[in-house]
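Here's the structure, in structure tokens; my notes come after.
The values are calculated or read from the model by the stated rules, or taken from the named source; none is laboratory data. Bear in mind that the values here come from a model prediction, so they are computed numbers and not experimental data. Cβ atoms come from the backbone with ideal geometry, glycine included; neighbour counts cover every protein chain shown. Heads up: the accessible areas ignore ligands, DNA and RNA and are worked out on the full protein's heavy atoms, side chains in. Shrake-Rupley method; radii C 1.70, N 1.55, O 1.52, S 1.80 Å.
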Amino acid sequence: MREFETPAVEELPDDLQERIAEETEDAGFTPNVFRAFGYRPSHFRAFFAYHDALVEHTALEREEIEMIVVAVSGANDCYYCIVAHGALLRIYADDPLLADQLAANHRTADLNETHRTMLDVAVKLTESPGTIDSSDVDRLRDVGFSEKAAWDIASVTAFFNLSNRMSTFADIRPNEEFHTLGRSAPETDE
């Protein structure tokens, strides 16, 4: 984080230290967003509690969540989230190209109609929220999303608009590790 002092992990409250230790063990490194949000411990708790609810209690597949995050982050020019969630998308989708396509322009990405519609609505909610209306919800229903899935699409979009803005404002930089995760092509049976 370049705009604010990033606290040392050992100086954070115990519950934050525990969460960061868990994330570090899972990832093999400490994603910079955890240390950065430690700047305001109460905000850290609220931010990650909502994040966890969005990814753990959802009608969406994890791949779909990451697709939304990358497309929204691309629309918002959020360097941290494009790179970090691009890595997660490459892993969950088992596709080394999709994240780059979505970050640049989801409209030209190799997507089915269902996912293109999902991202059309997410990017519209990001770029021009005042133009969202019931026809957008109907579009999601028409391509097979349930009521809860449509809600979750909007929730993930809204949350990552907040995340993008905080990451950009604080100038949180992605870890180098994120740049290369999931980049190798899937193996083929030949």
Going by what's in this entry, would Phe4 be described as surrounded by 13 or more Cβ atoms within 10 Å (Cβ to Cβ), hydrophobic (A, V, I, L, M, F, W, C) and either farther than 20 Å from Ala84 by Cβ or touching a Gly at 6+ places or on another chain (Cβ under 9 Å) (or both)?
no
Output for the range 73-120, where each listed residue is surrounded by fewer than 20 Cβ atoms within 10 Å (Cβ to Cβ) and among the aromatic types (Phe, Trp, Tyr):
Tyr79, Tyr92
Which condition number does Val70 fail, the rest of (1) out of contact with any Ser or Thr (no Cβ under 7 Å at 6 or more places or on another chain); (2) of a type outside the set (Gly, Ala, Ser); (3) farther than 17 Å from Asn164 by Cα; (4) open to solvent by less than 20 Å² (accessible area, probe 1.4 Å) being met?
(3)
Matching option when the condition is farther than 13 Å from Asn164 by Cα and part of a helix (DSSP H, G or I), among Ala104, Ala84
Ala104
